[in-house]
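The values are calculated or read from the model by the stated rules, or taken from the named source; none is laboratory data. Worth saying up front: this structure is predicted, and the values here are computed from it rather than measured. Here the Cβ positions follow ideal geometry from the backbone for every residue, glycine too, while neighbour counts run over all protein chains shown.
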Amino acid sequence: MSAKFNLGTRKSSGGREQTRRGNGAAKPRFTHLDAAGAARMVDIGAKPVVTRVAIAVGALRCRPSTISALRRRALAKGDALAVARVAGIQGAKRAHEWIPLCHPLPLDAVKVDFEMRRDRIRIVAEARATARTGVEMEALVAVSAAALALYDMAKAVDRGMRIEGVRLLSKTKVPRA
């Protein structure tokens, strides 16, 4: 019979707490679950306020003719890229309403950009806040909302579009001086 000793917790690079056991192995523990496995909002009250930046990307894959219509601003609903940019910014501002355990954050800035390719639009979003917790969800929601708005604006001309590859590219934090 082997004894398991809890030797404390530490954060892993994946954002999970890890509990050290007597055998040296780390057992992942998700921060949004309590000891019984119930969902909980993480207490960030003791964390320092720092500047945090997150960059997320994704893509809307579509036909080359759809890309051409977007470039010409020839869609019946209007300037799809302008609408999608505003949707992305608005999504970032409301990420806590989309994601149940996400803290509402006072965002310092949100930027949403598009890179037009032959058969897809690459969406890049950057969120920045001076806060006690990260802005990854805000950047990811910005990309998702922008992609959904583009889909909505272009669905009349291209029913085969696909949203894909939404992911976090980077996150950084800079302690306040």
Boolean, residue 75 is crowded, with 16+ Cβ neighbours inside 10 Å, outside any helix (DSSP H, G or I) and modelled with pLDDT under 95:
yes
Let me confirm something: among 167, 122, which residue is touching a strand residue (DSSP E or B) at 6+ places or on another chain (Cβ under 6 Å), assigned by TED's automatic domain parsing to the domain that holds residue 55, of a type in the set (Lys, Arg) and not in a loop (DSSP other than H, G, I, E, B)?
122
Run down 112, 83 and say which single residue is part of a helix (DSSP H, G or I) and surrounded by 14 or more Cβ atoms within 10 Å (Cβ to Cβ).
83
Can you find a residue that is in contact with a helix residue (DSSP H, G or I) (Cβ under 9 Å, 6 or more places away or on another chain), assigned by TED's automatic domain parsing to the domain that holds residue 67, assigned to a strand (DSSP E or B) and surrounded by 15 or more Cβ atoms within 10 Å (Cβ to Cβ) anywhere in region 94-109?
yes
Being of a type in the set (D, E, K, R) and at pLDDT below 75 narrows it down to one of 61, 52, 20, so name that one.
20
